Amino acid sequence: MRKYRAIAFATLIGAALTASHGWAQDNDDDDDDEGPKVTRASQDVPELILGSADDSFTVNQKDFELIAGQGYRWKITSAAGLEYKFHTDLFRNVWMNQIVINDLEVHMNGAPAWLEFDSEGTMQVQFTTVRPGIYTWSVPDLAEKGMKGTITIK
């Protein structure tokens, strides 16, 4: 009889410890500080606009922050009359899904070397980030005029 009581007591203690561990996890607020979570749905990166009617060398945003493992859609627009050659080392560090130009899709088996805008218009690049790091983007011949920035993947 004592043997059964010892087993029952050990079972009761084990159940109590398991339940208290679960309660501690419920009250754990550390998960809230991790930032955005990866989702199955592709997210939109804020549009990058190269040039404007007033200033051919301006950009609307220089730095972008992404999450590793997340799918993204990124519109890059030429809004001025100059020819822009958009270059980034990001493309070699993501899984490239497609590039969409005027509702026409370009699917590839590797990264594009650059995106070239011969006139005003928008290209949408769809990709999934795979490698954390800090990457650069620029319009190489106009980088010294401020047409450059960074893309950080956390």
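Values computed for the structure shown
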read-out	value
Any hit, segment 57-78, residues being modelled with pLDDT of 90 or more, out of contact with any Pro (no Cβ under 7 Å at 6 or more places or on another chain) and open to solvent by 100 Å² or more (accessible area, probe 1.4 Å)	yes
Residues of segment 100-154 classified as touching a strand residue (DSSP E or B) at 6+ places or on another chain (Cβ under 6 Å) and of a type in the set (Asp, Glu), total	3
Number of the exception - LEU104 against (1) of a type in the set (A, V, I, L, M, F, W, C); (2) open to solvent by less than 100 Å² (accessible area, probe 1.4 Å); (3) over 23 Å from SER52 (Cβ atoms)	(2)
Strands (runs of 3 or more DSSP E) fully within segment 89-154 counting 3 or more residues that are closer than 20 Å to GLY69 by Cα and touching a residue at least 24 places away in the same chain (Cβ under 8 Å)	94-101, 121-129, 133-138, 148-153
Residues that are open to solvent by 40 Å² or more (accessible area, probe 1.4 Å) and touching a helix residue (DSSP H, G or I) at 6+ places or on another chain (Cβ under 9 Å), drawn from segment 133-154	THR136, LYS148
Check on SER52, touching a Gly at 6+ places or on another chain (Cβ under 9 Å) and in a loop (DSSP other than H, G, I, E, B)	no
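The values are calculated or read from the model by the stated rules, or taken from the named source; none is laboratory data. Note that this is a predicted model, so its numbers are computed, not measured. Quick reminder, even Gly has a Cβ in these numbers, built from the backbone with ideal geometry, and neighbours come from all protein chains shown. Keep in mind that these areas ignore ligands, DNA and RNA; they rest on the heavy atoms of the full protein, side chains included. Shrake-Rupley method; radii C 1.70, N 1.55, O 1.52, S 1.80 Å.
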